[in-house]
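See below for the structure under consideration.
The values are calculated or read from the model by the stated rules, or taken from the named source; none is laboratory data. Only a predicted model underlies this, so the values are computations on that prediction, with no experimental measurement involved. Cβ coordinates were reconstructed from backbone atoms using ideal geometry, including for glycine residues, and neighbour counts include every protein chain displayed. Keep in mind that these areas ignore ligands, DNA and RNA; they rest on the heavy atoms of the full protein, side chains included. Shrake-Rupley method; radii C 1.70, N 1.55, O 1.52, S 1.80 Å.
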Amino acid sequence: MSLVELFLLVFLVSFAVVSIGVILLMLSILREFTKAGAEGKVEAGGVVIVGPVPIVFGTTTRITKVLVVLAIALMIVTLVVYLVLSGVLRVVW
């Protein structure tokens, strides 16, 4: 398999995964809107990472705390992957 074929395969698989994710997201939103007479509490929030600084926002303190923990975990994973790929941190398989 040549490099071009491998690139094309990875591109098509990633495109399919993203497309399936978007379809599932749209179906879940549609399902929430079509629930008859369902009343519930909605919590929303998000994380925007600008450089090394995460900006966390949420509608409740509970969801904001969860997102802070997830942002810290994401930053740690990103740092470890960077250190491994740059050769500073050696991983023995």
At 7 Å along Cα-to-Cβ for each site, give me the label-to-label distance between Phe11 and Thr59 in nm. 4.0
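Would you mind getting the accessible area per residue of the chain, heavy atoms of the protein chains only, 1.4 Å probe, in Å²?
Details: 8270 Å² over 93 residues.
Result: 89 Å² per residue.
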Using the crude model of +1 on Lys and Arg Cβ and -1 on Asp and Glu Cβ, and no other charge, please compute the dipole size for the chain relative to its Cα centre, in debye to 20. 260
Along principal axes, Cα extents of segment 7-93, largest first, whole Å: 56, 39, 25
Expected vector for segment 7-13, Karplus 3J(HN,Hα) from phi with 6.51, -1.76, 1.60 and θ = phi - 60°, integer Hz, x for Gly and Pro, equals 4, 5, 5, 5, 4, 5, 5
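Using a 1.4 Å probe over the heavy atoms of the protein chains, calculate the carbon and sulfur portion of the accessible area of the chain as a whole percent. Kindly include the intermediate steps, with their values, before the conclusion.
On the way: 6340 of 8270 Å².
Of all accessible area on the chain, carbon and sulfur atoms account for 77 percent.
Using helices alone, what [θ] at 222 nm do you get for the chain, with -39,500 (n - 2.57) per DSSP H run of 4 or more residues, divided over all residues and rounded to the nearest 500? Present the calculation step by step, with values, prior to reporting the outcome.
On the way: 2 runs with 57 residues, N = 93.
My calculation for the chain gives -22000 deg cm²/dmol from helical runs alone.
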Would you please put 44-52, 1-9, 58-66 in order of how densely packed they are, using the mean number of other Cβ atoms within 10 angstrom per residue and starting with the highest? 58-66, 44-52, 1-9
